[in-house]
1. Can you name every residue in the range 17-42 that is of a type outside the set (D, E, K, R) and closer than 19 Å to Asp62 by Cβ?
2. Being acidic (Asp, Glu), in contact with a Pro (Cβ under 7 Å, 6 or more places away or on another chain) and either open to solvent by 50 Å² or more (accessible area, probe 1.4 Å) or in contact (Cβ under 8 Å) with a residue 12 or more places away in the chain (or both) is the requirement here; does Asp21 meet it?
3. Filter the range 26-73 for residues that are in a loop (DSSP other than H, G, I, E, B) and basic (Lys, Arg); which is most open to solvent (accessible area, probe 1.4 Å)?
4. Restricting to the range 1-25, and then to whatever is part of a loop (DSSP other than H, G, I, E, B) and touching an Asp or Glu at 6+ places or on another chain (Cβ under 6 Å), can you tell me which residue is modelled with the highest pLDDT?
Amino acid sequence: MSPAGPHEGAVPRGSIVACPDGPLLVRGDVPVVDDRGNPVEKHRATVALCRCGASAIKPWCDGSHKAIGFEAP
(Lines give C-alpha, C1' and ligand atoms only; values in the text may rest on other atoms or scores of the structure.)
Protein backbone atom coordinates (compact mmCIF):
# COMPACT_ATOMS: atom_id res chain seq x y z
CA MET A 1 0.00 0.00 0.00
CA SER A 2 1.40 3.43 -0.90
CA PRO A 3 1.31 6.43 1.45
CA ALA A 4 -1.48 8.92 1.02
CA GLY A 5 -0.80 11.73 -1.42
CA PRO A 6 -0.96 15.38 -0.40
CA HIS A 7 -4.75 15.46 -0.77
CA GLU A 8 -5.70 11.88 0.15
CA GLY A 9 -6.19 11.56 3.89
CA ALA A 10 -3.18 13.74 4.59
CA VAL A 11 -3.05 15.47 7.96
CA PRO A 12 -3.09 19.27 7.51
CA ARG A 13 0.19 20.76 8.62
CA GLY A 14 1.20 24.06 10.02
CA SER A 15 4.15 25.72 11.65
CA ILE A 16 4.98 28.43 14.14
CA VAL A 17 8.25 30.30 13.73
CA ALA A 18 9.60 32.85 16.21
CA CYS A 19 11.15 35.74 14.29
CA PRO A 20 14.20 37.21 16.03
CA ASP A 21 13.11 40.41 17.81
CA GLY A 22 9.71 40.11 16.18
CA PRO A 23 6.41 38.24 15.98
CA LEU A 24 5.47 34.60 15.83
CA LEU A 25 4.67 33.62 12.25
CA VAL A 26 1.84 31.09 12.19
CA ARG A 27 1.51 29.24 8.89
CA GLY A 28 -1.08 26.73 7.77
CA ASP A 29 -3.64 24.83 9.77
CA VAL A 30 -2.79 26.04 13.27
CA PRO A 31 -5.76 27.29 15.30
CA VAL A 32 -5.45 30.63 17.06
CA VAL A 33 -7.52 31.03 20.24
CA ASP A 34 -8.04 33.92 22.67
CA ASP A 35 -7.40 33.88 26.42
CA ARG A 36 -10.76 32.14 26.97
CA GLY A 37 -10.10 29.43 24.39
CA ASN A 38 -12.42 30.93 21.80
CA PRO A 39 -11.25 30.62 18.18
CA VAL A 40 -9.87 33.78 16.56
CA GLU A 41 -10.57 33.85 12.84
CA LYS A 42 -7.54 34.03 10.59
CA HIS A 43 -8.05 35.83 7.29
CA ARG A 44 -4.80 34.61 5.75
CA ALA A 45 -2.88 31.34 5.54
CA THR A 46 0.05 33.02 7.33
CA VAL A 47 -0.45 35.44 10.22
CA ALA A 48 1.93 37.25 12.58
CA LEU A 49 1.17 37.13 16.30
CA CYS A 50 2.46 39.89 18.60
CA ARG A 51 5.16 38.85 21.08
CA CYS A 52 6.13 42.30 22.36
CA GLY A 53 2.77 43.27 23.88
CA ALA A 54 2.68 46.69 22.22
CA SER A 55 0.50 45.94 19.19
CA ALA A 56 -2.69 47.96 18.84
CA ILE A 57 -4.34 45.07 16.96
CA LYS A 58 -3.60 42.13 19.29
CA PRO A 59 -3.27 39.26 18.87
CA TRP A 60 -1.87 40.34 15.50
CA CYS A 61 1.46 42.09 15.05
CA ASP A 62 1.38 45.69 13.81
CA GLY A 63 5.14 46.27 13.75
CA SER A 64 5.27 48.00 17.14
CA HIS A 65 8.18 45.74 18.17
CA LYS A 66 10.47 47.80 15.94
CA ALA A 67 9.48 51.12 17.52
CA ILE A 68 9.92 49.91 21.11
CA GLY A 69 13.18 48.03 20.51
CA PHE A 70 11.75 44.62 21.46
CA GLU A 71 14.44 41.96 21.76
CA ALA A 72 13.92 38.21 21.86
CA PRO A 73 15.80 35.22 20.45
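The values are calculated or read from the model by the stated rules, or taken from the named source; none is laboratory data. Just so it is clear, the model here is predicted, and its values are computed rather than measured. Using ideal geometry, Cβ is built from the backbone for each residue, glycine included, and neighbour counts are taken over all protein chains shown. These area figures cover heavy atoms from the full protein model, side chains too; ligands, DNA and RNA do not enter into them. Shrake-Rupley method; radii C 1.70, N 1.55, O 1.52, S 1.80 Å.
1. Looking only at the range 17-42, we keep the residues that are of a type outside the set (D, E, K, R), and these are 17-20, 22-26, 28, 30-33, 37-40.
If the condition is that a residue be of a type outside the set (D, E, K, R) and closer than 19 Å to Asp62 by Cβ, then Val17, Ala18, Cys19, Pro20, Gly22, Pro23, Leu24, Leu25, Val26, Val32, Val40 are the ones that fit.
2. Details: acidic (Asp, Glu): yes; in contact with a Pro (Cβ under 7 Å, 6 or more places away or on another chain): no; either open to solvent by 50 Å² or more (accessible area, probe 1.4 Å) or in contact (Cβ under 8 Å) with a residue 12 or more places away in the chain (or both): yes.
Against the criterion (acidic (Asp, Glu), in contact with a Pro (Cβ under 7 Å, 6 or more places away or on another chain) and either open to solvent by 50 Å² or more (accessible area, probe 1.4 Å) or in contact (Cβ under 8 Å) with a residue 12 or more places away in the chain (or both)), Asp21 does not qualify.
3. Our first condition is that a residue be in a loop (DSSP other than H, G, I, E, B); within the range 26-73, this holds for 29-32, 34-38, 40-45, 50-59, 61-63, 69-73.
Checking the rest, the ones that are also basic (Lys, Arg) come to 36, 42, 44, 51, 58.
On the way: Arg36: 194, Lys42: 54, Arg44: 179, Arg51: 74, Lys58: 120 Å².
By that ranking, first place goes to Arg36.
4. Let us first name the residues in the range 1-25 that are part of a loop (DSSP other than H, G, I, E, B), namely 1-13, 19-23.
Restricting the remaining residues to those that are touching an Asp or Glu at 6+ places or on another chain (Cβ under 6 Å) gives 12, 21.
Working: Pro12: 61, Asp21: 97.
Applying the filter and picking the extreme gives Asp21.
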